[in-house]
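What follows is calculated from the coordinates using simple rules that are stated; it is not laboratory data. Quick caveat: nothing in here was measured; it's all calculated off a predicted structure. Please note: Cβ atoms are built from the backbone with ideal geometry, for glycine as well, and neighbour counts cover all protein chains shown.
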Amino acid sequence: KGEATVVSSNGDKIVAPGTDGFYKFSFKNIGNVAIDYKCTVTLSFEAKGAQFDIEDLPIMVRMKDYQGNYIIGDGEKWEPVSVLETYTDGHTIGKNSYIYYTIEWCWPYESGNDRLDTLLGNLSANESVVLTLKIDAYGEQSDDPNATGGLESGTDDPRQGGDIVPAPYIILNVIILLI
């Protein structure tokens, strides 16, 4: 719901045992031909004074596509955050369309490793403890420029792309041409 359930002594929202949330990201094809894309995820963890593998982190995840289908985990089952490192995906997005994914995360209150939970809490009291999720994507024109896929974008909004060219853009191009 986007509400902080745990805050630090100075009022900052923090991630701690018993908290959860989600991250939504999207790929938009604002062109007038279909594209094929591929994406991968890379994780990194930084904490001064701590050396352990991402596999040991108490963060659990599950992931859904734009159609509500679970790609990682399911409605009942969570997976270790490290499973994101093996995630790759690729689909076709039709012209003027988009797709999105939702990564849900949680740090179970009883993760099964109280010692690690306490270590991470103590480390974060004085230093930044950072888990970074990097999403790399590559897209290219599809072999079938009229292929479909994803959700169709609204064509009334020029920011959504497509064949609509807003007047300020045309005027700017005319001025550049004249110069």
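For the modelled label position 7 Å from the Cα of Thr148 along Cα-to-Cβ, which residues of region 30-53 have backbone nitrogen atoms closer than 20 Å? Residues passing the 20 Å test: 30-37. Computed from the C-beta positions of Asp65 and Glu110 and an R0 of 41 Å, the FRET efficiency is 0.85 to the nearest 0.05.
Amide hydrogen proximity for Ile59: with H placed 1.01 Å from N in the peptide plane, the residues at 5 or more positions away or on another chain lying under 5 Å are Val81.
Label positions at Lys134 and Asn32, each projected 7 Å from the Cα along the C-beta direction, are separated by 3.7 nm. Of the chymotrypsin sites (Phe, Trp or Tyr not before Pro) found in region 53-136, those in coil by DSSP whose Cβ has at most 11 other Cβ atoms within 10 Å are Tyr109.
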